[in-house]
1. Measuring with a 1.4 Å probe in the full set of protein chains, what accessible area per residue, in whole Å², belongs to region 38-88?
2. From the residues Ala144, His159, Ala169, which one has its Cα farthest along the dipole of region 50-204 in the positive direction, the dipole being from +1 and -1 charges on Cβ of Lys/Arg and Asp/Glu about the Cα centre?
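The values are calculated or read from the model by the stated rules, or taken from the named source; none is laboratory data. A quick note: this is a predicted structure, and the numbers were derived from the prediction, not measured. In this analysis, Cβ positions are derived from the backbone assuming ideal geometry, glycine residues included, and neighbour counts consider all displayed protein chains. Side chains are part of the model used for accessible areas, which takes the heavy atoms of the whole protein and leaves out ligands, DNA and RNA. Shrake-Rupley method; radii C 1.70, N 1.55, O 1.52, S 1.80 Å.
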Amino acid sequence: MPLLAAALPATAQNPLLPGIGATDRRVVVDASHAPWNSLVKVQSNLGARCTGVLVAPRRVVTAAHCLLNRAQRFLPASSLHVLFGYERGEYRQHRAVAALETGGPYDKERRLDGLVGDWAVLTLDGDAPEGMPPLPLARVPPDAGTPLMLGGYSQDRAHLVTADTACAARGINDTDRGPLLVHDCDGTRGVSGAALLVRTPSGDRGGDRGGDGAGEGWAVAGIAVAAVSGPNPRNIAVPSAAFVAAVEGNTPSLR
């Protein structure tokens, strides 16, 4: 996950784990239970590793910056891999990537307007395994104060899914290229591309809001793309509205 030191109000730096506040709220969650069983590990032949989320039987969304080579050019789809049910070095199933589409020009300087295009839709070479359902996309960003969750394969716990299950949306940051979603969920490098999860109206069932995030009724409000260092981080996600057309196949053909 890119580090943003000056995009939002400056705070004390934490170069080791950007995006984690003074009190780390992350807990290990069961990757076999919903909604965490919809998360995947995205890897490249160059060794890059990020988190992604299944949003259609053959579509995964992740952060575009995870797919760049050392020359800051996008890797070919053939060099990308998606692991389902990854935990402690084992995984349930592997899928190759047949095609990818990105959000357009990506600003390697990490300026806020460049982050709006920091998404990628991966088309897989086969359907996801049974029992790993796609999550729906929220068409409208959540209001400030809306409860959220964020989980993924963090660099410091790369073989388990850890999640912040007690965070919230903090508002919208408008840029020349479109809106970005600001949130206070703890997440650091490796969680790039992970789903920022919000309850759907039909899924808000009170008792299902337990600490492990078990239960149906979750939607993808956006994907995590940047972390701001400091004791009270305000991290950044691309809202799902930015890539919903690509997921649904309403954009030009994938490359």
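1. 40
2. Checked the options; the winner is His159.
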